[in-house]
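Engineer: Structure incoming, see below.
The values are calculated or read from the model by the stated rules, or taken from the named source; none is laboratory data. The model shown is predicted, which means the values in this text are computed figures rather than measured ones. Virtual Cβ from ideal backbone geometry, glycine too; neighbours counted across all protein chains shown. Surface accessibility is based on the protein's heavy atoms, side chains included, excluding ligands, DNA and RNA. Shrake-Rupley method; radii C 1.70, N 1.55, O 1.52, S 1.80 Å.
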Amino acid sequence: MNIYTQVCGLFIVLLLLIFYKKQPTIGLETEKKYIYILYAVLGCVVSDIGSVILITNSEMYSYETITMIGKLYLISIFAVTYLTLAYEFTEIQPRLPKQVPNGLQFGFRMFAIVVVLFILFHPLYFVHNGNAVYSYGPACTVTYICCFFTIVTTLIGTYKFKRYINPKRRQALQLWMYTMLVFAFIQFFNPKILIVSFGCCLGAMITYFELENPESNISRNTGLFSATTLKDYFDYLYKKEEEFSVLMFAYSTTAESSIDTKTIRKAVDELNTLLYDFKDGKVFTTAEGFFIMVFDAPDKMMYARKLIDDAIAKISNDPESSNIQSLLRPYYIYVPESCIANSSLEILSLINDFIPTDFHSNLETEVTIDEAAVQALYRKKEIEDMVVDALENDRVEVYYQPIYCVEEGIYTSAEALVRIRLQDGTLVNPGSFIPIAEDTGRIMALSDAIFKKTFSFMRSYRLTSLGIKYLELNLSIRQGEDPFFPNRFSDALNKYGLSASSVNLEITETASLKKKDMLMHTMNKLKENGCNFSLDDFGSGSSNLSYIIDMPIDVIKFDKDLTSSYFHSDKARAVVTAVTDMAHSMGIRIVAEGIETESQYKIMADLGIDYIQGYYFSKPLPEKDFIRFLQQNNLKPKSDVC
Ligand code: C2E
Ligand code: MG
Ligand code: MG
């Protein structure tokens with residue numbers, strides 16, 4: 001009996017079904033269509049084998065039984081080609097710029113129903129001639145014509161909508177369709193070779209290996225769904241207009257010893273097992289230590305968070321792993337409502353935007369992406385664009401705020417303070433853009449521009465002849481962490497013919513110990529090159545005396561919060577007095593910032609503060625006004641100053 005190829009095909013399709021069913025799938029539309037295709041192919045080979053057996057032994061069966069199985073074979077072969085077309089359509093449709101008219105989809109469905117009805121109600125004849133077993137008749141002819149039509153339509157689709165179909169999927173579909181065509185032609189011209197159903201099996205196999213192998217959607221390390229599948233899944237949910245909630249859980253590890261590494265490994269394994277066993281939602285891993293969980297309701301999302309917390313708490317109960325919280329630094333992003341974004345790309349980029357660059361220095365451990373957070377993000381992006389635009393169009397300006405030396409009675413330095421000039425001429429103060437530039441990394445380019453402008457200004461105006469000994473420059477946190485900064489800074493100074501002592505770099509304190517270490521390293525290298533440092537914003541936020549002890553500081557700048565509280569708080573007065581005495585005993589000089597009135601100035605001067613910076617003397621001034629200010633104040637006899 002001529003059923004060798006069909007039996008081979010049957011094994012292939014059964015194996016594919018077993019493999020496919022064994023692996024977890026995320027339930028995408030294409031996955032559902034593919035499983036229908038597999039069932040249709042199974043129906044095709046089984047009915048093909050059945051009809052060959054029945055025709056070969058036709059004397060034992062009634063004509064109706066043989067016709068029924070033969071027609072089942074024709075319907076299933078048509079179903080395979082029709083479902084393949086539907087599979088292609090599912091892939092292309094969400095990417096098309098315009099919605100496909102409902103009429104077209106309806107038309108195709110009607111076409112399929114008409115074909116099936118035609119097959120059912122039209123005659124089918126059989127031939128059993130030696131080794132040759134085949135069928136013919138109107139039902140058969142119509143099936144072949146309609147299969148040919150759907151195959152050609154699928155092929156045309158792969159060429160016409162090339163842009164909207166992933167190249168791998170396109171090639172796999174083309175290979176499948178051409179295989180079917182070639183096999184159908186061979187069988188048409190040589191009815192003894194029954195290979196059409198085998199062709200269907202080969203097609204299903206090509207699609208399995210190229211596209212639908214669920215294992216390729218799964219991360220090898222964790223067994224969870226991979227990042228590429230996440231996008232497909234979001235596409236699917238948005239297309240189906242299903243509401244969902246997302247929880248991103250991430251951790252960033254810091255191991256300082258082999259014991260730490262072992263603890264982390266143990267915890268990571270336990271967390272992976274927990275996430276792998278999650279039943280309430282789908283879990284994807286997008287990178288090492290990053291997990292995105294998708295749920296159909298916010299309460300499931302909160303429950304998942306609780307499970308993770310419980311798991312971490314359980315790990316930290318073990319005395320050997322009690323420091324796991326600080327070693328892992330877990331971070332959570334919630335998206336309670338998927339309508340915050342309109343597409344997979346939008347929601348992915350939103351989540352990405354909320355992932356902190358450094359978990360360890362980030363004080364927050366979670367963020368919720370809601371309407372307010374998205375608005376704040378857009379504002380942040382606007383500001384980032386403003387900084388980029390200012391850099392590209394040379395609208396970064398540097399203002400100088402004179403600093404008065406109490407002992408000499410003149411202005412011996414000034415602080416360089418950046419401003420951005422908008423296209424309409426408005427000036428934007430740094431408070432609104434420096435933290436964002438720092439956060440987005442734009443601060444590096446911005447600081448380079450500020451330094452160059454300041455150096456060029458110093459070279460052009462020979463400030464020393466106007467009494468200025470050095471200018472204060474604010475060092476950004478990122479510059480402080482950059483191991484290449486000291487060399488770049490020295491090169492820039494050399495380029496403008498300036499000595500390192502002509503500037504004082506202002507550093508600020510950071511909460512992160514790691515950043516402090518990196519800053520200290522940078523400062524020590526700069527110090528070797530002759531640089532001096534001021535500790536800025538002392539007394540605001542988290543001031544730490546260890547900076548004064550550990551860092552090579554020459555000047556401490558009392559923040560205006562501290563100086564203003566000095567005037568009405570006994571405690572602040574005690575701190576200012578004690579720190580001033582302590583600094584002086586260490587050879588460190590003091591600048592009081594934010595001095596706005598004559599009485600404040602006098603009190604500070606009497607206290608022994610070395611330098612005064614504040615609106616009482618001058619606001620930050622543009623280059624020309626600053627030069628005029630120095631000419632008017634520094635070049636006059638001491639008593640005339642201000
Ligand atoms: P800062 O380094 O502590 O600078 C002192 C700030 O206090 C300046 O604000 C200055 O205009 C303001 N100020 C000075 N005297 C008085 C006063 O008497 N009363 C009041 N109310 N304010 C006074 P500005 O220019 O808005 O700068 C704000 C912050 O932006 C700076 O604080 C600094 O942290 C940052 N910044 C400014 N320019 C740069 C820069 O070029 N690079 C970097 N990385 N940061 C900068
Ligand atoms: Mg400063
Ligand atoms: Mg300051």
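Engineer: Over the chain, what is the relative contact order in whole percent, taking alpha-carbon pairs under 8 Å and six or more residues apart?
Structural biologist: Computed value for the chain: 9 percent relative contact order.
Engineer: I need the calculated FRET efficiency for the pair Lys452 and Gln99, taking r as the beta carbon distance and R₀ as 56 Å, to the nearest 0.05.
Structural biologist: 0.60
Engineer: While we're here: Sort Glu243, Glu210, Glu481 from largest to smallest accessible area, using a 1.4 Å probe on the heavy atoms of the protein chains.
Structural biologist: Accessible-area ranking of Glu243, Glu210, Glu481, largest first: Glu243, Glu210, Glu481.
Engineer: Next question. May I ask for the equivalent-ellipsoid semi-axes of the range 222-357, computed as the square root of five times each C-alpha gyration tensor eigenvalue and listed largest first in whole Å?
Structural biologist: In descending order the semi-axes read 29, 15, 13 Å.
Engineer: Further, regarding this structure: Run the 1.4 Å probe and let me know the accessible area of Ser456, rounded to the nearest 10 Å².
Structural biologist: 40 Å²
Engineer: On to the next question. Mind checking the log10 I(q)/I(0) for the range 527-642 at q = 0.14 Å⁻¹? Debye, one equal scatterer per Cα, no solvent, two decimals.
Structural biologist: Per q value, in the given order, log10 I(q)/I(0) is -0.66.
Engineer: Quick check of the Kirkwood formula: for the range 165-293, what is the inverse mean of 1/r over all pairs of different Cα atoms, in Å?
Structural biologist: With all distinct Cα pairs of the range 165-293 included, I get 18.2 Å.
Engineer: Between Lys602 and Ala492, what is the FRET efficiency for a Förster distance of 41 Å, r being their Cβ-Cβ separation, to the nearest 0.05?
Structural biologist: E between Lys602 and Ala492, to the nearest 0.05, is 0.55.
Engineer: Treating cross-link reach as a plain straight distance, find the lysines whose alpha-carbon is under 18 Å from the alpha-carbon of Lys168, omitting any fewer than eight places away in the same chain.
Structural biologist: Lys33, Lys160, Lys231
Engineer: Another question about this same structure. Along the Cα→Cβ direction, 7 angstrom out, place labels at Ser226 and Arg462. What is the inter-label distance in nm?
Structural biologist: 6.8 nm
Engineer: Test of the criteria: in the range 561-608, which GluC sites (Glu not before Pro) are in a DSSP loop and have at most 14 other Cβ atoms within 10 angstrom of their Cβ?
Structural biologist: Glu596
Engineer: A further question follows. For every helix of n ≥ 4 consecutive DSSP H residues, a contribution of -39,500 (n - 2.57) applies; sum these over the chain, divide by its total residues, and give [θ] at 222 nm rounded to the nearest 500 deg cm²/dmol.
Structural biologist: Mean residue ellipticity at 222 nm (helix-derived): -18500 deg cm²/dmol.
Engineer: Once you have the Cα-Cα distance between Asp389 and Tyr36, take 0.36 nm times their residue separation minus that, and quote the gain in nm to one decimal.
Structural biologist: Extra length from Asp389 to Tyr36 when fully extended: 121.7 nm.
Engineer: Averaged over every viewing direction, what's the projected area of the C-alpha convex hull for the range 301-342? Give it in nm², one decimal, please.
Structural biologist: Mean projected area of the Cα convex hull: 3.4 nm².
Engineer: Right, next: Place a label point 7 angstrom from the Cα of Leu120 along the Cα-to-Cβ direction, then list the residues of the range 68-87 whose backbone nitrogen is under 20 Å away.
Structural biologist: Backbone N within reach: 68-83.
Engineer: Here is a follow-up. Would you work out which of Ile195, Tyr164, Phe234 lies farthest towards the positive end of the dipole of the range 153-240? Charges go on Cβ: Lys and Arg +1, Asp and Glu -1.
Structural biologist: The Cα lying farthest towards the positive end belongs to Tyr164.
Engineer: So how do Met301, Met520 rank on accessible area, 1.4 Å probe, biggest first, that is with the largest at the start?
Structural biologist: Largest accessible area first, the residues go Met520, Met301.
Engineer: Quick one: if you take sqrt(5λ) for each eigenvalue of the C-alpha gyration tensor of the chain, what semi-axes come out, biggest first, whole angstrom?
Structural biologist: With the √(5λ) rule applied to the chain, the semi-axes are 77, 27, 20 Å.
Engineer: Next question. Quick test of the membrane-span-like rule: which DSSP H helices of the chain reach at least 24 Å along their long axis (C-alpha atoms) with mean Kyte hydropathy at least -1.0?
Structural biologist: Sorted by number, the helices that extend far enough and score high enough are 4-22, 29-56, 63-92, 102-121, 138-160, 167-189, 258-276, 298-317, 371-392, 443-461.
Engineer: Going through the cross-link list Lys262/Lys300; Lys453/Lys557; Lys515/Lys624; Lys381/Lys624, which pairs have a Cα-Cα distance over 30 Å in this structure?
Structural biologist: Lys262/Lys300; Lys515/Lys624; Lys381/Lys624, as the Cα separations exceed 30 Å there.
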